[in-house]
Amino acid sequence: MIALMKEIDDSESVTGAIVSVAEATPRAELILATPYPPNQNPARVYLARLLSPRSQRVMESSLVAIAATIENGATPDTLAWHRLRFHDGMALRAALMQKYEPRSVNRMLSALRGTIETAIDLGLMDDGDGAWRIRMHGVKYDKHTLSGRALEVDEVVKLIRSSKTREEAI
């Protein structure tokens, strides 16, 4: 969980320092002592807004990964979404980029933006506190790059054999 955070040195200039995501905002501020009521939980309300059950599952797994990245053991129900600020979002983005592929990071950032927007809609934070979500851009990557991995020779042989067996069965 590596992130960039601003640090003021002796000459009052701003330099980048590497810190853990949890250090961006003190842990006590990001973990709820008492979970939100279900109808006031930004993550749960955001997920309920999604129309497709598949989208709900995919975005829920993204929110689980985000919460765990911010604080080990945190969940979408225990993370204080309304207390996240710009520096937390940027630290999170950097940490996710270290761990996941760009497409996954972009999906997770989309879930984060939706959850922060929902926190604003629920009145848990004002639009000014959540405006950073708009400036948190996705990760750029070559969309023509193939995803996955190269198959080993024995895997290709097994694939061809299984396809011949399937053709015979048809």
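Taking helices (runs of 4 or more DSSP H) as the structural unit, those lying wholly within the range 84-170 and holding at least 2 residues that are surrounded by 11 or more Cβ atoms within 10 Å (Cβ to Cβ), at pLDDT 90 or above and in contact with a strand residue (DSSP E or B) (Cβ under 9 Å, 6 or more places away or on another chain) correspond to 86-99.
The set of residues in the range 37-80 being modelled with pLDDT under 90 and either under 19 Å from Met125 (Cα atoms) or open to solvent by 70 Å² or more (accessible area, probe 1.4 Å) (or both) consists of Pro38, Asn72. Taking residues in the range 78-92 that are more than 7 Å from Leu30 (Cα to Cα) and in contact (Cβ under 8 Å) with a residue 60 or more places away in the chain, and partners anywhere that are outside any helix (DSSP H, G or I) and open to solvent by less than 10 Å² (accessible area, probe 1.4 Å), the pairs with Cβ atoms closer than 6 Å and at least 6 places apart or on different chains are Asp88/Thr25; Ala91/Ala3. In this structure, Ala95 qualifies as touching a residue at least 60 places away in the same chain (Cβ under 8 Å) and more than 21 Å from Leu32 (Cα to Cα).
The values are calculated or read from the model by the stated rules, or taken from the named source; none is laboratory data. Source: prediction; values computed, not measured. Positions of Cβ are generated from backbone atoms using ideal geometry, with glycine treated the same way; all protein chains shown enter the neighbour counts. Quick note on the areas: whole protein, heavy atoms, side chains included, nothing else; ligands and nucleic acids left out. Shrake-Rupley method; radii C 1.70, N 1.55, O 1.52, S 1.80 Å.
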